[in-house]
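Notes follow once the structure below has been shown.
The values are calculated or read from the model by the stated rules, or taken from the named source; none is laboratory data. Keep in mind that what you see is a predicted model, and the values were worked out from it rather than measured. Because the Cβ atoms are built from the backbone with ideal geometry, glycine has one as well, and the counts that use them run over all protein chains shown.
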Amino acid sequence: MFRSAATVDRLITLLGKLPGVGRKSAGRLAFHILKMPIEEATGLADAIREVKEKVGECQVCFNISESSPCYICSDPKRDQSVICVVEEALDVPSIEKVDSFRGLFHVLGGRLSPLDGIGPEDLSIKALLTRVNENDNIKEVIIATNPSVEGEATAVYLSKLIKPMDISVTRIARGIPVGADLEYADVVTLSQALEGRREF
Amino acid sequence: MFVETISLENFRNIQQQTLSLNPRINIFTGINGSGKTNILESIATLCLGRSQRLNSSDSALIQSGREFFRLHGILQRQHRAYELSVACESSSTTRGKKIVLDGQPTRASELFRTFSLVSLSPEDSDIISASPSARRKFLDFHLSQASVNYLSDLSRYARILAQRNSHLRQYQLDSDGTPFDEEFITIGTKITSFRLEFIRYAQSCASEYYRRISSGEALGCYYLPSIVLSSADKKLSINERESILQAKSEPEQLAESFRARLELRREAERHRQTTLVGPHRDDIEITIRDLPARSHGSQGQWRSAAVSLKLAVYDFLKERKEEPPILLLDEIFAELDITRQDALIASFAELGQLVVTTALKAPGSIAENARIFEVVSGQAQVIQ
């Protein structure tokens, strides 16, 4: 493919390790970086270093954060009675966009998947239980794991642990995305939406 | 629905060929090994994105020494033409199948939803004589054409089962079961429920066909759903078994029974570290004159029984999809004696498109209005 200097080669190899980047795109990115003004390129390098040095996990909700507790956990205006449980930190900004949700979060750091060797002890489940147990304000736990086989199993697992604590456990609904026309929805999504229909 | 034209490239022993088919009856004649069956297989692969020979892999369809196969064709369905192409490459970088329907890349499930096809071939005796997995494959391939939900449930079920088995290997199973059990029960019950619906239908339909083909013999077809029947139940008489099934045929009852069976087998699952209850362990029992066909039937009876089941599936699909599926008959006449042949042909009156192969002369009654092709080493030519 590309025959180039050893330093360029190393950059290509490292870029190629990123998700969704193949050898060819890695080469393209590397040559783009080569042509960048020096301050832009070092800016990128600094940003990468800083993110690794400064950003850690919030010890309460396990979201990525520069401080612990994070800005969400330490915000007194937040609704302290609701925790929304998500698989990854990446899911937090998605739900944050929802204006009607002003509660707290808990990031599991994955989902139960015996096939990948991921069990309850690999996720922040114990911390979630302690959090719910020790905090009398919490009235509801919303489980917002993905509707995949693994996400569903994780939801069931959590609900069995949390329900006995006399706390309401809810699961986000599945259905048709808003803005999508019914005619373009796939059959499986549609049939799930029909199964989950509600009376007016 | 019918295939209007089909072009083949590097498919099995056919390098390049374009055929235009008759909407009703097509007959391919030729000596053994000339490529008649390959033409049938290409029609199935075009319609459903996979071979009707359920043990065949996609790459096996590529002509030896070539790197890809490509099929392209026009299908007519309810006064609308569909342009369809199915291609597969063997090279590792771009492996996999590409299906394009009316210019849009699509998945095989879309073809299963849109088209339907049933094939009869000498290999079908396996449905009667081989292991339970052959009968489950038979059910799954055809029921997936009848319901797209069934197809998606099957793939979801396979994933749940793999996770559940992995869980059983890694953790001590406690009295709560596994976190996968809730969905395992929901999806497993849906699969069982639809299989039950089909077998109810086949019970009367297949035995009617069998009576016609075999001049009066009785064929029985009984579902042995793992989520209802224990191995002790399976030893009961057919009547006793059927009455157990009758009492648990509603989805809620099936789910309840599934839950109870899992609880009952918990100790065994803990010990054997694998899932012992669920539709992946279902079977169908076929009887001829009230005796299990697998152990008591002759080869001729197996073939007739398999033909009857396939025709029952054909009728089931026709009813569900409100139009006749495409029917492929591979060397089916050579397999049946003259009276059985005539009885079979008599049931073809209300069929849609029919594609037949035969090494012999086709029976006169179907050859009359047919388009006839002669196949010589991978090349077909119209001779009538």
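Could you say whether any residue in the stretch B:174-192 is in a helix (DSSP H, G or I), modelled with pLDDT of 95 or more, away from every other protein chain (no Cβ under 14 Å) and within 23 Å of the chain's Cα centre (by Cα)? Checked against the condition, which is being in a helix (DSSP H, G or I), modelled with pLDDT of 95 or more, away from every other protein chain (no Cβ under 14 Å) and within 23 Å of the chain's Cα centre (by Cα), the stretch B:174-192 yields at least one hit. Do we have A:VAL178 as crowded, with 16+ Cβ neighbours inside 10 Å and either at pLDDT 90 or above or more than 23 Å from B:SER155 (Cα to Cα) (or both) here? Spelling it out, it is not the case that A:VAL178 is crowded, with 16+ Cβ neighbours inside 10 Å and either at pLDDT 90 or above or more than 23 Å from B:SER155 (Cα to Cα) (or both).
Residues in the stretch B:1-14 that are part of a strand (DSSP E or B), out of contact with any helix residue (DSSP H, G or I) (no Cβ under 7 Å at 6 or more places or on another chain) and farther than 16 Å from B:CYS88 by Cβ: B:PHE2, B:GLU4, B:THR5. Applying a threshold of 7 Å to beta carbon distances and a minimum spacing of six or more residues, or different chains, the list of pairs starting in the stretch B:239-263 at a residue that is outside any helix (DSSP H, G or I) and ending at one that is surrounded by 11 or more Cβ atoms within 10 Å (Cβ to Cβ) reads B:LYS248/B:VAL228; B:LYS248/B:LEU254; B:LYS248/B:SER257; B:SER249/B:LEU196. Within the stretch A:74-92, not a single residue is of a type outside the set (Asp, Glu), farther than 26 Å from A:ARG174 by Cα and either outside any loop (DSSP other than H, G, I, E, B) or within 14 Å of another protein chain (Cβ to nearest Cβ) (or both).
Scanning the stretch A:124-166 for residues that are more than 12 Å from chain B (Cβ to nearest Cβ), assigned to a loop (DSSP other than H, G, I, E, B) and crowded, with 16+ Cβ neighbours inside 10 Å yields A:SER124, A:ILE138, A:ALA144, A:ASN146.
Yes or no: A:VAL169 over 16 Å from the mean Cα position of the chain (by Cα), closer than 24 Å to B:ARG164 by Cβ, more than 13 Å from every other protein chain (Cβ to nearest Cβ) and in contact (Cβ under 8 Å) with a residue 24 or more places away in the chain?
On the way: over 16 Å from the mean Cα position of the chain (by Cα): yes; closer than 24 Å to B:ARG164 by Cβ: yes; more than 13 Å from every other protein chain (Cβ to nearest Cβ): yes; in contact (Cβ under 8 Å) with a residue 24 or more places away in the chain: yes.
Answer is yes for this residue.
When the residues of the stretch A:106-123 are filtered to those that are touching a helix residue (DSSP H, G or I) at 6+ places or on another chain (Cβ under 8 Å) and outside any loop (DSSP other than H, G, I, E, B), the one that is nearest to B:HIS167 (Cα to Cα) is A:PRO114. Among the residues of the stretch A:172-192, is any within 21 Å of the chain's Cα centre (by Cα) and within 14 Å of chain B (Cβ to nearest Cβ)? Looking for residues that are within 21 Å of the chain's Cα centre (by Cα) and within 14 Å of chain B (Cβ to nearest Cβ), one finds at least one in the stretch A:172-192, hence yes. When you look at B:SER243, is it touching a strand residue (DSSP E or B) at 6+ places or on another chain (Cβ under 6 Å), of a type in the set (Gly, Ala, Ser) and either surrounded by fewer than 13 Cβ atoms within 10 Å (Cβ to Cβ) or in the same structural domain as B:GLN172 (by TED's automatic domain parsing) (or both), yes or no? No: the conditions fail for B:SER243.
Say we look at the stretch B:162-173 and pick out the residues that are among the hydrophobic types (A, V, I, L, M, F, W, C) and assigned to a helix (DSSP H, G or I); which of these is nearest to the other protein chains (Cβ to nearest Cβ)? Within the stretch B:162-173, the match that is nearest to the other protein chains (Cβ to nearest Cβ) is B:ALA162.
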